[in-house]
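Notes for the one structure printed next.
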Amino acid sequence: MSVGEQGLRDLVARLVELEVAPIVQAGDPVLRSGAMPFDGQLDDAELAALLALMTRTMHAAPGVGLAAPQIGVPLALAVIEDPGPLDEETAIARERVAYPHRVLVNPRYEAVGEERVAFYEGCLSVEGWAGVVARPRTVHLTGLDERGNVLDEEVSGWPARIVQHETDHLLGVLYLDRVETRSLATGAAAARWASPPHPHAAARALGFVMPSGDAQGEP
Ligand code: NI
């Protein structure tokens, strides 16, 4: 589906009236079509209002990232913010640190090095489910921020996972495309397996193999 520029501005104008936007669920083509690069289709005020809505929606969910297609807007924009983990063991195991609010415009990433790390993750557009995804531990992130400043940096650990997940959304990719399918869990099982710092117990119980070269070790 292609949304004309005026259609896009009308859509955004309607959405930003909302306190929180409905989150599109897997199966909606907007999550699969790939987002259009942002190229001034919205003026500064419209863009700021859209990013504020995305941030409110992410906070309300709650989530640590939200891509514009997840609220039905096919633009390559994402917001990220992670308050950090509740416990130190999880922080260390997942290299999860508090990550301040930021905006990604037209982001791209490339793996840095060979190391992959595998953890449970979920998605606001795949409500109720969680699954293990092996991802590069470190990525080179490029793109722009909301003021048009160039992003060119290395991101590692849990923030790198969030950056990859949100950038994938803008390419029409869901974590389900990369998931270890035997790890998939929903409801109480999702909470049970996604809560521990490592997915090793889930791997044994559900019968999947952690990626080779896993440097996390057995707990
Ligand atoms: Ni997601």
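Of all residues in the range 153-167, which are away from the ligand (no atom under 16 Å from the Cβ) and either open to solvent by 50 Å² or more (accessible area, probe 1.4 Å) or not aliphatic (A, V, I, L, M) (or both)?
The answer is 153, 154, 156, 157.
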Next on the checklist: The conditions are (1) part of a loop (DSSP other than H, G, I, E, B); (2) under 25 Å from residue 172 (Cβ atoms), and residue 113 fails exactly one of them. Which is it?
Outcome noted: (2)
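Regarding residue 155, is this residue in a helix (DSSP H, G or I) and in contact with a Leu (Cβ under 6 Å, 6 or more places away or on another chain)?
It is false that residue 155 is in a helix (DSSP H, G or I) and in contact with a Leu (Cβ under 6 Å, 6 or more places away or on another chain).
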Checklist entry - Of 132, 126, which residue is β-branched (Val, Ile, Thr), open to solvent by less than 40 Å² (accessible area, probe 1.4 Å) and part of a loop (DSSP other than H, G, I, E, B)? => result 126
Next on the checklist: Looking at 170, 141 in this structure, which one is within 15 Å of the ligand (Cβ to nearest atom) and either under 30 Å from residue 75 (Cβ atoms) or not β-branched (Val, Ile, Thr) (or both)?
Outcome noted: 170
Checklist entry - Would you pick out the residues in the range 44-63 that are of a type outside the set (Gly, Ala, Ser) and open to solvent by 40 Å² or more (accessible area, probe 1.4 Å)? => result 44, 46, 56, 59, 62
Item to check | Selection from the range 185-200 of residues that are within 15 Å of the ligand (Cβ to nearest atom) and either within 13 Å of the chain's Cα centre (by Cα) or not in a helix (DSSP H, G or I) (or both) | outcome: none
Checklist entry - Which of the residues that make up the range 96-108 are of a type outside the set (A, V, I, L, M) and surrounded by 20 or more Cβ atoms within 10 Å (Cβ to Cβ)? => result 96, 107
Item to check | Identity of the residue in the range 142-152, open to solvent by less than 60 Å² (accessible area, probe 1.4 Å) and outside any strand (DSSP E or B), that ends up nearest to residue 108 (Cα to Cα) | outcome: 145
Checklist entry - For the range 5-33, which residues satisfy the criterion of being among the small types (Gly, Ala, Ser), open to solvent by 40 Å² or more (accessible area, probe 1.4 Å) and part of a loop (DSSP other than H, G, I, E, B)? => result 26, 27, 33
Item to check | Meets criteria (touching a residue at least 24 places away in the same chain (Cβ under 8 Å) and open to solvent by less than 40 Å² (accessible area, probe 1.4 Å)) for residue 139 | outcome: yes
Checklist entry - In the range 82-96, is there at least one residue being at pLDDT 95 or above, within 25 Å of residue 135 (Cα to Cα) and within 16 Å of the ligand (Cβ to nearest atom)? => result yes
Checklist entry - Is there any pair linking a residue in the range 51-71 that is at pLDDT below 95 to one that is within 15 Å of the ligand (Cβ to nearest atom) and of a type in the set (Val, Ile, Thr), with Cβ under 7 Å and at least six apart or on different chains, and which? => result none
Next on the checklist: Of the conditions (1) aromatic (Phe, Trp, Tyr); (2) open to solvent by 20 Å² or more (accessible area, probe 1.4 Å); (3) closer than 30 Å to residue 52 by Cα, residue 193 satisfies every one except a single condition; which number is it?
Outcome noted: (3)
Item to check | Subset of the range 196-219 that is under 14 Å from residue 135 (Cα atoms) and surrounded by fewer than 19 Cβ atoms within 10 Å (Cβ to Cβ) - its residue that is modelled with the highest pLDDT | outcome: 211
Item to check | Residue in the range 137-145 that is in contact with a strand residue (DSSP E or B) (Cβ under 6 Å, 6 or more places away or on another chain) and hydroxyl-bearing (Ser, Thr, Tyr) present | outcome: yes
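The values are calculated or read from the model by the stated rules, or taken from the named source; none is laboratory data. It should be emphasised that the depicted structure is a prediction, and the values quoted were computed from it without experimental measurement. Quick reminder, even Gly has a Cβ in these numbers, built from the backbone with ideal geometry, and neighbours come from all protein chains shown. In case anyone asks, the SASA skips ligands and DNA or RNA and just uses the protein heavy atoms, side chains included. Shrake-Rupley method; radii C 1.70, N 1.55, O 1.52, S 1.80 Å.
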